[in-house]
1. I want to confirm something. Restricting to segment 14-57 and keeping residues that are out of contact with any strand residue (DSSP E or B) (no Cβ under 7 Å at 6 or more places or on another chain) and among the hydrophobic types (A, V, I, L, M, F, W, C), which single residue is nearest to Ile308 (Cα to Cα)?
2. Among the numbered criteria (1) within 29 Å of Ile308 (Cα to Cα); (2) among the aliphatic types (A, V, I, L, M); (3) touching a strand residue (DSSP E or B) at 6+ places or on another chain (Cβ under 7 Å), which one does Leu98 miss?
3. If you take the residues of segment 49-65 that are assigned to a helix (DSSP H, G or I), out of contact with any Leu (no Cβ under 9 Å at 6 or more places or on another chain) and free of Cβ contacts under 8 Å to residues at least 40 places away in the same chain, which of them is farthest from Val89 (Cα to Cα)?
4. Select from segment 203-218 the residues that are away from the ligand (no atom under 12 Å from the Cβ), aliphatic (A, V, I, L, M) and closer than 13 Å to Arg83 by Cβ and list them in ascending order.
5. For the condition assigned to a helix (DSSP H, G or I), outside the structural domain of Ala120 (by TED's automatic domain parsing) and crowded, with 19+ Cβ neighbours inside 10 Å, what is the one hit in Leu237, Leu300?
6. List the number of the failed condition for Ser65; all other conditions in (1) surrounded by 20 or more Cβ atoms within 10 Å (Cβ to Cβ); (2) within 29 Å of Leu152 (Cβ to Cβ) hold.
7. List every residue pair whose Cβ atoms sit under 7 Å apart, with the two residues 6 or more apart in sequence or on different chains, where the first one lies in segment 7-26 and is at positive phi and the second, anywhere, is in a strand (DSSP E or B).
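The values are calculated or read from the model by the stated rules, or taken from the named source; none is laboratory data. All of these numbers come straight from a predicted model, not from anything done at the bench. Using ideal geometry, Cβ is built from the backbone for each residue, glycine included, and neighbour counts are taken over all protein chains shown.
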Amino acid sequence: ETCAPLAVLGHDVQVPLAGGGKVGYAALDYAASSPALQRVWDDVAAYAPYYGSVHRGAGYLSQLSTDLFEQSRLTVEEFLDLREGDQVVFTRATTDSLNLLAAAVPAGTRVFAFETEHHASLLPWAHAGLSVTYLRAPRSHAEAVAALDAALAAAPEGPRLLCVTGASNVTGELWPVADLTATAHRHGARVVLDAAQLVPHHRVSVAELDVDWIAFSGHKIYAPFGAGVLAGRADWLDAAEPYLAGGGATRTVARETDGSVAVEWRTGPARHEAGSPNVIGAYAIASACRALSEAGFDALEAREQALIARLKAGLAEIPQVRVLSLFGPVSARVGVLSFVVQGWNSSHFSAALSAEYGIGVRDGLFCAHPLVRTLLNDEAPAVVSTCGAPDPSLPGERSLNAIRVSFGAGTPDEHIDRFLTA
Ligand code: PMP
């Protein structure tokens, strides 16, 4: 059973076309930021008059806002199917969540990450001074699991953490999260799941996947108000230094007789949420969680898979198009797909999609430089990297970037069809 596209903002915006006339915006860049759900926007607007400071006021609106903020935490808890004792920390987005965790892991932890990760899940670990083992790009799920198994077996004793993505922001391909997690746990390693591209498309159960932490961004699940989530095990988070020092994270602060200031930090989410919390961001995320759950992930996924099939079938008929893939043509994916076009510079191609058809895609290396370079090295046809009319017969350089089309719960068939026509 599929469903109708969910109502989102932005599709009615009229885009002026280079050849004259206007057309409704075709948002095919959900992987960067998805459009806001109308439902999320309405919920936020309905709450706006009741907005007040969270955890910092005795007034009625402060009480309401505090309740709403804490209820939003519970909604996220339920949405992610967390375990007893897990906690939800509201952050700014996935990048912030993973940097928070990197700052919180015990000293001496060795981190394992595939070089194919988004920079947000690849870079925070070394940046926080941790040792990192970067695993080479695997070409199958089995290879990924075997590579992790071997690396963990060879690693010195001590605390370990695997950071892995649920769905690639470049190819859209799903990663074997449950198998990687079981392997990691067998070797005493914990796992954090970068679910930035998974949560918008799939029902995710932390309890079933058994990952220790999960991170995602509100603006990629139709809730563009500057909030994100880090959720999972409380022990490392409670034992760590607070991510930010400031109000709300403290239980007591007192001046000592020797002139110093003694701080007793809170435990629980408040420990890492210093400063006035983003209540609208958290509420918007909770609203999106409710909207997606009510629409039903079975129906949303059925619809999205139909769009993916339509897109892949259409692209397969265009011989100049090469779809990028790590795990091969049959691999399961979410509504994210990158490709290069023989004879075209990807930036010019994307600019033409916008100017001539009102279609918004992204071109580039998608904050996953090692992955895109790997994919382009083995897949890319030669392209002509000049402006002007493409001429596939000319010798050219390899493409240095790719084009990404990505979509989700709000995408009508017409956007995919317009893209294929373009
Ligand atoms: N991980 C993945 C897989 C992503 O796609 C992104 C965003 N492109 C991020 C992490 C970072 O998310 P944010 O920019 O919201 O912090």
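1. Taking segment 14-57 first, the residues out of contact with any strand residue (DSSP E or B) (no Cβ under 7 Å at 6 or more places or on another chain) are 18-21, 33-34, 39-57.
Pick out the ones that are also among the hydrophobic types (A, V, I, L, M, F, W, C) and you get 18, 40-41, 44-46, 48, 54.
Numbers: Ala18: 29, Val40: 25, Trp41: 27, Val44: 31, Ala45: 33, Ala46: 35, Ala48: 37, Val54: 42 Å.
If we take residues in segment 14-57 being out of contact with any strand residue (DSSP E or B) (no Cβ under 7 Å at 6 or more places or on another chain) and among the hydrophobic types (A, V, I, L, M, F, W, C), then Val40 is nearest to Ile308 (Cα to Cα).
2. Here Leu98 clears every test but (1).
3. Our first condition is that a residue be assigned to a helix (DSSP H, G or I); within segment 49-65, this holds for 49-50, 60-65.
Filter once more, so that each one left must be out of contact with any Leu (no Cβ under 9 Å at 6 or more places or on another chain): 60-65.
Subsequent filtering for residues that are free of Cβ contacts under 8 Å to residues at least 40 places away in the same chain retains 60-64.
Numbers: Tyr60: 25, Leu61: 23, Ser62: 20, Gln63: 20, Leu64: 20 Å.
Here the answer is Tyr60.
4. Listed by number, the residues that qualify are Val206, Ala207, Leu209, Val211.
5. On the way: Leu237 fails: outside the structural domain of Ala120 (by TED's automatic domain parsing).
Matching residue, one of Leu237, Leu300: Leu300.
6. (2)
7. If the second residue must be in a strand (DSSP E or B), the pairs left are Gly10/Ala27.
Results for (1) under 13 Å from the mean Cα position of the chain (by Cα); (2) of a type outside the set (S, T, N, Q); (3) within 11 Å of the ligand (Cβ to nearest atom), shown as yes or no for each residue.
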residue	(1), (2), (3)
Arg160	no, yes, no
Ser168	yes, no, yes
Trp175	no, yes, yes
Leu180	no, yes, no
His185	no, yes, no
His201	yes, yes, no
Lys220	yes, yes, yes
Phe225	no, yes, no
